Amino acid sequence: MTSNDVHPTNGHAVKAAPKREYLTPRDNMFLVLEDDFHFMNVHSVYTFDRPVPFSDMRNQMLQFADTTPRCKQKLVYGKSLFARPYWVEDESYNIDDHFLKIDLPSPGSEEQLREVAGKLISHPLEMEKPLWRVYYISGLDHGRKCALLLTAHHCMADGQGFVRRILAFVSGDTTEEERAALQYSAGRNARAAAAAQQKQSTPLAVARQFAIAFMSLIYGLLLYLVNLVRFMSAVNRHGFARRPEKFGKRSPKTSKKQVGWSTTVRLDDVKKIKNKFGVTVNDVLTSCVATAMDAHLTNKKAERDSTLWLLVPTSMRRPDDWSVSNQTSGYFLRVPVGNATMLDRIKAVNKAMKNVKGSLEAVANFMWIEILYNFPRMIPKWGLLLSRNFHGVLSNVPGPAVKMMWASDPIAQVVSFIPQAYPNTVSTTVYTYAGHVAVSFLMDLVEDGEGDPCGVYAPGAAAEVAKEFERVFGEVLEFVESGAAEVDGNGHANGKVEDKKEI
């Protein structure tokens, strides 16, 4: 018997109340973080190399919603202090409330697409309806292409939850192992987990593993506390660009946003750099992103900090977890900029990444979320002011390793956007798709210059940061391919990357 069964009462049929599905503390966190100036929505732009008919796109989205229960559920969020938000079926659900069409004026340039996407992202979702919306955008590239802009509230799922749900939908009748092989990292993690389970353990090996685990626990806790203290001591931080007291307050908060994204770079080219320097793909891309952000401030003659603090979300999802859910934690990453050379910066990021991954930071933050966010109305907004210390948030989303088909057409490119950590900060998403990497930026839009005399958030600023990323990455790749940057066994360069050009 289901929650929607009809029960006879005194000869009358009475429909049972819809079944409640309570949000997890991780879901609740994104309701708490949202305010009038930065919405906790995640977005993706899918572009297609031909004008796929609107009816085909609508039918595909209709099928996706029909097979994804969360798409037909709305949020109920009481006002009392102890209210727990829950999902319930929306009996008035209509696909046409969620699938809308926008026509780009000629010529339908990428700049116009960015401008329209920024305006749409600046609008909140209707909390009385299922928390998602998709825009079909026609007229791209003189009508030769089209795009989809997908928006969903972060309380529904994290990036991996959305990616895996879409993969499961488009891959049809496949096994979990087959689907995992279609996504970057997922298959590798699954194989590692399976290999670990097959290892045979002797009593001596168990004792040794216990001793190593105990020492790792102490060491990880120490690293976590040191990093937390360093982050909390960054008291002069007020958004993306530093604003000393003599220059007044931070830029005004605004709900207006702008977006920009890079041209895609080949994943194999990123691996060339990481192999040359003995680091990871994440280290290379994080260093290039931080350098691009710092270069933007330099170009605008804005005040800069010598260190960028980035919030880095990390997935706590099991390899076999394909649910539409939030399984996310995160850690604080300190990236030196200032006068550091590019190679020094990459090495510093590599060291910082190893420290935070070797600490208990992600696990501890995951546990704190589970404890604190059961009753989201009890969390005061002033308790979130520590987020002001971030310059931005940087998320690495491993997408499909092969091109996905949507409405029988291949998706040519995917760029994604995650919410800002706080107003005035920069949200950066690194999305890997079909052998290529796209880096996107979401930031405030200040059109009249009020409170932003240097133009850090002026129209087109997000696109400028994306262009800086392209320049930085291209120059690093050029040096690596030309052999200009030689690295010895200690990680020092003989002929540093920046000796010939400023990056």
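Annotation for segment 99-171: GluC sites (Glu not before Pro) lying in DSSP loop with at most 12 further Cβ atoms inside 10 Å of their Cβ are 126, 128. Among the chymotrypsin sites (Phe, Trp or Tyr not before Pro) found in segment 31-128, those both in a DSSP coil and sparsely packed, with 16 or fewer other Cβ atoms within 10 Å of their Cβ, are 37, 77, 82, 93.
Each Lys and Arg adds +1 at its Cβ and each Asp and Glu adds -1 at its Cβ; summed about the Cα centre, segment 26-79 shows a dipole of about 240 debye.
On full extension of the chain, what length is gained from residue 371 through residue 81, given 0.36 nm per residue of separation minus the C-alpha to C-alpha distance?
Stretched fully, the residue 371-residue 81 segment lengthens by 102.8 nm.
Cross-link partners of residue 351 among aspartates and glutamates, defined as those whose alpha carbon lies under 14 angstrom from its own and excluding same-chain residues fewer than eight positions apart: 283.
With the whole protein complex present, residue 66 retains an accessible surface near 90 Å², based on a 1.4 Å probe. Taking Cα centre as origin and charging only the Cβ of basic (Lys, Arg, +1) and acidic (Asp, Glu, -1) residues, the dipole magnitude of segment 27-150 rounds to 140 debye. In terms of its Cα atoms, segment 35-135 spans 52, 33, 17 Å along the principal axes, sorted from long to short.
Using the structure shown, select from 257/354; 253/403; 119/300; 79/381; 74/101 the pairs with a Cα to Cα distance greater than 27 angstrom. Exceeds cut-off: 257/354; 253/403.
Quick one: net charge of residue 327's neighbours, Cβ under 9 Å, K/R +1, D/E -1?
Numbers: positive: 26, 317, 318; negative: 158, 321.
Computed value for this residue: +1.
Per the 1.4 Å probe, what fraction of the accessible area of segment 360-468, in percent, lies on carbon and sulfur atoms? Walk me through the numbers on the way to the answer.
On the way: 2510 of 3910 Å².
Carbon with sulfur: 64 percent of the solvent-accessible area.
In this simple spin-label approximation, residue 62 and residue 321 carry label points 7 Å from Cα along the Cα→Cβ vector, and these lie 3.5 nm apart. For segment 379-481, which chymotrypsin sites (Phe, Trp or Tyr not before Pro) are both in a DSSP coil and crowded by at most 12 other Cβ atoms within 10 Å? Here no loop site has a sparse enough neighbourhood.
With the Cα gyration tensor of segment 95-146 giving a ≥ b ≥ c as the square roots of its eigenvalues, does the rule (a/c under 1.5 for rounded; else a/b larger than b/c for prolate; else oblate) give rounded, prolate or oblate? Working shown, then result.
Values: a/c = 3.95, a/b = 1.92, b/c = 2.06.
Oblate, since a/c reaches 1.5 and b/c is not below a/b.
Normalised radius of gyration (Cα atoms, divided by 2.2 N^0.38 Å) for segment 298-368: 1.42.
Computed over protein heavy atoms with a 1.4 Å probe, the carbon and sulfur contribution to the accessible area of segment 41-181 reaches 50%.
When the alpha carbon gyration tensor of segment 310-424 is reduced to an equivalent ellipsoid, its three semi-axes come out at 27, 24, 16 angstrom, largest first.
Using a probe of 1.4 Å on the protein chains alone, the accessible area found for residue 342 is around 0 Å². Summary of the geometry: segment 290-304 and segment 328-369, compared by the centres of their Cα atoms, lie 21 Å apart.
For the listed peptides 408-415, 314-321, a ranking on the average number of other beta carbons within 10 Å per residue, highest first, reads 408-415, 314-321.
If you count only protein heavy atoms with a 1.4 Å probe, what accessible area per residue comes out for segment 328-473, rounded to a whole Å²? Display every interim value, and only then the final one.
Working: 5210 Å² over 146 residues.
Heavy-atom SASA per residue in segment 328-473 reads 36 Å².
Taken along the Cα-to-beta-carbon direction at a fixed 7 Å, the label points for residue 339 and residue 378 span 5.1 nm.
The values are calculated or read from the model by the stated rules, or taken from the named source; none is laboratory data. None of the values given here were measured: they were computed from a predicted structure. We place every Cβ from the backbone using ideal geometry, glycine too, and count neighbours over all the protein chains shown. For accessibility, only protein heavy atoms count, side chains too; no ligands or nucleic acids. Shrake-Rupley method; radii C 1.70, N 1.55, O 1.52, S 1.80 Å.
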